[in-house]
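Step one of this worksheet: look at the structure below.
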Amino acid sequence: MSRTVRETLAEAYDPGPRAMAIVAMGSSFLLVSLLSNPDVSNPSYLFGLVAAVLSLVVSVAVLAVETRR
């Protein structure tokens, strides 16, 4: 059962290294622009900061896994 689920997810989610590089560059640019003018009291700022960090971490992780294949 778990093998079938893994195969289905692998077919549905097949990230390309080029796409992940674009996401990494975009999220790093967003992170730099957010950190240049911090406004920690604004919930929208905190949401954007968390989203940028998560997307950067995930894209770097996917790139690391793709280069090991």
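Data overview
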quantity	calculated
Label-point separation, Met25 to Val40 (7 Å along Cα→Cβ), nm	3.3
For the chain, the Rg and Dmax computed from alpha carbons only, in angstrom	15.5, 49
C-alpha long axis of helix 43-68 to longest principal axis of the chain, angle in °	40
Over the chain, relative contact order from alpha-carbon pairs under 8 Å, at least 6 apart, %	43
Where labels lie 7 Å past Cα in the beta-carbon direction, separation of Val50 and Arg3 in nm	3.9
In degrees, nearest ten, helix 2-12 long axis to first principal axis of the chain (Cα)	60
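Taken together, the values in this text are just the output of simple stated rules run on the coordinates, not laboratory data. What you are looking at is a predicted structure, and each value in this text was computed from that prediction instead of being measured. Ideal geometry is used to build each Cβ from the backbone, glycine not excepted, and the neighbour counts take in all protein chains shown.
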